[in-house]
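**Student:** One structure follows; several queries about it will come next.
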Amino acid sequence: MRILTRYILGEIASHSLIGCALFTFILLMKPLEQILDMVVRNSSSFEVVLQVFLFTLPNTFLVSIPMAVLVGVLLGLSRLAADSEITAMRASGLGIWYFVRVASVVAFLGTGLGLLNALYVIPRANRAILEVQRDLERTQASFEIQPRVFYEELKNAVIYVQDVRAGTGVSNWRRVFIADVSDPASPRITTAESATVAQGSAGNGKEPGQGLLIRLRNVTDHETETNQPGQYNISTFAQTDRPLDFSPLSDVQLGRLDTPLFALSNRELIRLSHSPDGKRYRIELNRRVAFPVACLVLMLIGVPLGASSRRGGKSSGFILTILLVVVYYLLSNFGIAWAKQGRLPAEVGVWLANVVFGAAGLFLLSQLATGGTTLNAIGAWFSRRPKPELPGETEDAADEGNWEAEVQARYKRRFKPDLAKTLHRFKPRGFPLILDEYVLREFLKMFVMVLAGFVMLMLVFTFFELIGDILRNRVPLSTVGAYLVNLTPSMLYQITPLSVLIAVLVTFSLLQRSSELIAMKATGISIYRLVIPVFVIAAILAGSLFAFDQYYLPQANRKQEALRNIIKGRPAQTTLNPDEKWIFGQQRPGEPGRIFYYQFFDPDENAFANLSLFEFDPATFGITRRIFASRAAWDNETHAWRFENGWVRTMQGANEKSFHEFQTASFAEVREEPGYFKKEALQSQEMNFGQLRRYIGDLQQSGFDTMRLRVQLYHKLAYPLVTIVMAVLAIPFAVSMGKRGSLTGVAAAIGIAVTYWAVMGLFDAMGSANVLPAAIAAWSPDLLFGLTGGYLLLRTPT
């Protein structure tokens, strides 16, 4: 009995560990890129990167541990049921409650780990994340400011620098433009010939905040009053120091935290739950217990469904896992949302999913124990599959036995002894061969199943993230469905390389496990010849991904982004400071440079509100003329801007040469047309390669930061080739795993994928932060992993 118990536990535990790793990886894909970007932009050490990553894991385990228990029970028992082992065990006198006791070992272990994680680890990890977040907000490195880019992350200040020379802890700037926008209607302008920048304190007297300490040289200050344009002060300094704080609104977000609520300790939650606003604290406290306990209720429903899946095997278990995860977390999120809205008591809303699934599990267990028809109908539906006719086998015999095992046994009896002789007759004389079709069929079957499963899981997780916004904003389900439909192409694009990796690893590891690979080699078929069809498919997929991104994906992404904004209840476009916009004018040889500052632009009427225009000498960066107009509109007849209710002032160094006010004026030298100011805040995924390249050129001219977009431009070429890289890398790992089977292949795939995505995210962040050239940042992961895979493939015994 102990041997049998260990055997069943081994099946369940192995599938649970693989499922936990897989779900954790999927949940970490989005935060991982954000974590790497933030730590690179803040010049953090490897130790900080590791800390942030470890602090993010507990929040992920809160969801992935119950899912891992469910997938372990379902897949483990489904495999035993498919091989008729559960039937044999029950025939020997083992009841269904024996399987519940065995599976409960894994469920109780998952519950214990989940409670430890939720009650003690997660609050501490979340407090650490918030502390790291505050540190990153205070200590952003000076190299973040790129040349010829408007930088708005500072508190009440906008900086534009013509040239940046970064150093260790210190940067040197040349030709500096700083606008103090404490009063957005009348910004104070500072220009400097050069500056030295280092980390410094810019405290508020109570809590010293960290920012930049800027030492400016050959400085000119310009100050004016909005209602008194005649009063204009110009001050010059040979040298001055300016401390600047980083904005508390900086978009520095790590992990999955929306509020510090998740960082509160259990004792604080209990104390606050008795306050007038105690409902939200009771919900959080109950949620920390309910999610780990889900391991038990999901086990109760997983045992009868897994044990009754006679023919579907792991495929039916996989489908059942996805469906049960969808139903459980959907019901859980609805319950929590109803509790927040006051429709249900806090405890009832949080525990609703557990109660429903626990009752359903006990009902199904009683059905299985008494031979009920309900569970048999469910098992038959998921096990439905065309049944082949076996020669010499009666229908009754086929129904009683495991027909899949019988087919495999007859295949082995008939063909395995002569497999080498049979393959020898099909020795390679061309392409494609029968063996090529066989390998391709197995590969494509696994590829489609993995791709569909991953996309389903990602859609489920996305829906869970949005359920609160859906209920709060009363979004129709048709809108949610349209969003998920338009989101699917993007997920297919992202997951295809990973699916290729898993499909190649599993396919060739199964060939190795069944000794078919050895038989093929014995007939003279080299491993290099055998992988050609897989490489051909990988190359076709790479070309298809590029074409998909070139012709279809951008418009799908635009639609899903618009629908997501509706779900989130926000306007279609937002900017950091929508009422304070800066743009650099067109640069023409022999003419002064221009910077436009305006508080509103109507693209339909082609009109500005509160427009300031700064002209400066490109050599010294000193302001030579400043124009202000409360309104400026484009005149289609004269093809020029008509400035209204404003003033113009010309300067030479610290001296004012002239000043006059006007009701209406036109300046022929200002030749930027309305289209120049109609810059859409487009995302790289909403454009194809050509559109993105033109967009980058347009933004560079206007003084916008394009480093991230340039990295994404090269990614549009590099990312599709990841399918080939993954195929090359998977072959040697699959061959070297011997007879360890598909689970080992999936585990190896997860390890490789985590490493690749971490390296890719790190290089992307380094490119976006201008630490590496954009092309090198985009292509380096492909080159590193491709060369590694090629080296391992060449060393693989053929």
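**Student:** Say we look at region 522-569 and pick out the residues that are without any contact (Cβ under 8 Å) to a residue 24 or more places away in the chain and among the β-branched types (Val, Ile, Thr); which of these is farthest from residue 797 (Cα to Cα)?
**Tutor:** In this case the residue turns out to be 540.
**Student:** For region 28-44, check the following and say yes or no: at least one residue is at pLDDT 80 or above and closer than 30 Å to residue 71 by Cα.
**Tutor:** no
**Student:** Residue 229 - would you say it is in a loop (DSSP other than H, G, I, E, B), modelled with pLDDT of 75 or more and over 30 Å from residue 120 (Cβ atoms)?
**Tutor:** So residue 229 passes the test.
**Student:** Among the residues of region 767-798, which ones are of a type in the set (S, T, N, Q) and within 30 Å of residue 512 (Cβ to Cβ)?
**Tutor:** Scanning region 767-798 gives 788, 796, 798.
**Student:** So for region 253-267 (the condition being modelled with pLDDT under 80, closer than 23 Å to residue 132 by Cβ, aliphatic (A, V, I, L, M) and open to solvent by 60 Å² or more (accessible area, probe 1.4 Å)), does at least one residue qualify?
**Tutor:** No, region 253-267 contains no residue that is modelled with pLDDT under 80, closer than 23 Å to residue 132 by Cβ, aliphatic (A, V, I, L, M) and open to solvent by 60 Å² or more (accessible area, probe 1.4 Å).
**Student:** In region 460-478, how many are open to solvent by 30 Å² or more (accessible area, probe 1.4 Å) and closer than 16 Å to residue 561 by Cα?
**Tutor:** Of the residues in that region, 3 qualify.
**Student:** In the set 493, 528, which member is crowded, with 18+ Cβ neighbours inside 10 Å and farther than 30 Å from residue 339 by Cβ?
**Tutor:** 493
**Student:** If I ask for residues that are crowded, with 24+ Cβ neighbours inside 10 Å, at pLDDT below 85 and more than 16 Å from residue 6 (Cα to Cα), which ones from region 72-116 would you list?
**Tutor:** Within region 72-116, 74, 75, 78, 81 meet the criteria.
**Student:** Something else now. Take region 520-541 and flag every residue that is in a loop (DSSP other than H, G, I, E, B) and more than 35 Å from the chain's Cα centre (by Cα).
**Tutor:** Within region 520-541, 523, 524, 525, 526 meet the criteria.
**Student:** Let me ask something else. Quick check on residue 135: is it at pLDDT below 85, of a type outside the set (Val, Ile, Thr), open to solvent by 10 Å² or more (accessible area, probe 1.4 Å) and over 30 Å from residue 583 (Cβ atoms)?
**Tutor:** When the stated conditions are applied, residue 135 passes them.
**Student:** Would you mind stating whether residue 475 is modelled with pLDDT under 85 and out of contact with any Leu (no Cβ under 8 Å at 6 or more places or on another chain)?
**Tutor:** When the stated conditions are applied, residue 475 passes them.
**Student:** Which ones in region 325-368 are open to solvent by less than 40 Å² (accessible area, probe 1.4 Å) and closer than 21 Å to residue 104 by Cβ?
**Tutor:** Listed by number, the residues that qualify are 325, 328, 353, 354, 357, 358, 360, 361, 364, 365, 367, 368.
**Student:** Sticking with this one: Sort through 735, 754, 746 and tell me the only one that's modelled with pLDDT under 80, out of contact with any His (no Cβ under 9 Å at 6 or more places or on another chain), surrounded by fewer than 18 Cβ atoms within 10 Å (Cβ to Cβ) and part of a helix (DSSP H, G or I).
**Tutor:** 754
**Student:** Considering region 505-519 alone, what residues qualify as being part of a helix (DSSP H, G or I) and over 34 Å from the mean Cα position of the chain (by Cα)?
**Tutor:** Matches in region 505-519: 512, 513, 516, 517, 518, 519.
**Student:** Among the residues in region 644-656, are any in a loop (DSSP other than H, G, I, E, B), open to solvent by 30 Å² or more (accessible area, probe 1.4 Å), hydrophobic (A, V, I, L, M, F, W, C) and at pLDDT 85 or above?
**Tutor:** Checking region 644-656: not a single residue is in a loop (DSSP other than H, G, I, E, B), open to solvent by 30 Å² or more (accessible area, probe 1.4 Å), hydrophobic (A, V, I, L, M, F, W, C) and at pLDDT 85 or above.
**Student:** Within region 163-172, identify whether any single residue is modelled with pLDDT of 80 or more, assigned to a strand (DSSP E or B), in contact with a Lys or Arg (Cβ under 7 Å, 6 or more places away or on another chain) and under 21 Å from residue 771 (Cβ atoms), and answer yes or no.
**Tutor:** yes
The values are calculated or read from the model by the stated rules, or taken from the named source; none is laboratory data. Predicted model only: the values in this text are computed from it and were never measured. Cβ sites come from the backbone with ideal geometry, for glycine too, and all protein chains shown count toward neighbours. Only protein heavy atoms, including side chains, enter the accessible area calculation; ligands, DNA and RNA are left aside. Shrake-Rupley method; radii C 1.70, N 1.55, O 1.52, S 1.80 Å.
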